[in-house]
Amino acid sequence: MNAPAPDSPHWFKSSHSAGEQDCLEVALGRGLVYVRDSKRKAGPVLGLSSVGFAGLVALASAQVN
């Protein structure tokens, strides 16, 4: 779901990003995990439940390996 960003988000990138430009940023708040494109900070924000976020991470990990 496209969700409003949390009021005072603390956005962070994966430690695996190595400073590259093609990354997602994640913030926690209001019972959701928020995800956005690091290059489009004012762009859309995806709000996922913790279960949904875990599924996204598992899918992305399977694509890399």
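Assorted remarks:
- Residue 59 outside any helix (DSSP H, G or I), open to solvent by 70 Å² or more (accessible area, probe 1.4 Å) and modelled with pLDDT of 80 or more: no
- Residue check for residue 27: part of a strand (DSSP E or B) and at pLDDT 90 or above: yes
- When the range 23-41 is filtered for residues that are farther than 16 Å from residue 13 by Cα and open to solvent by 60 Å² or more (accessible area, probe 1.4 Å), the ones remaining, listed by number, are 30, 31.
The values are calculated or read from the model by the stated rules, or taken from the named source; none is laboratory data. All of these numbers come straight from a predicted model, not from anything done at the bench. Just so you know, the surface numbers come from the protein's heavy atoms only, side chains and all, with ligands and any DNA or RNA stripped out. Shrake-Rupley method; radii C 1.70, N 1.55, O 1.52, S 1.80 Å.
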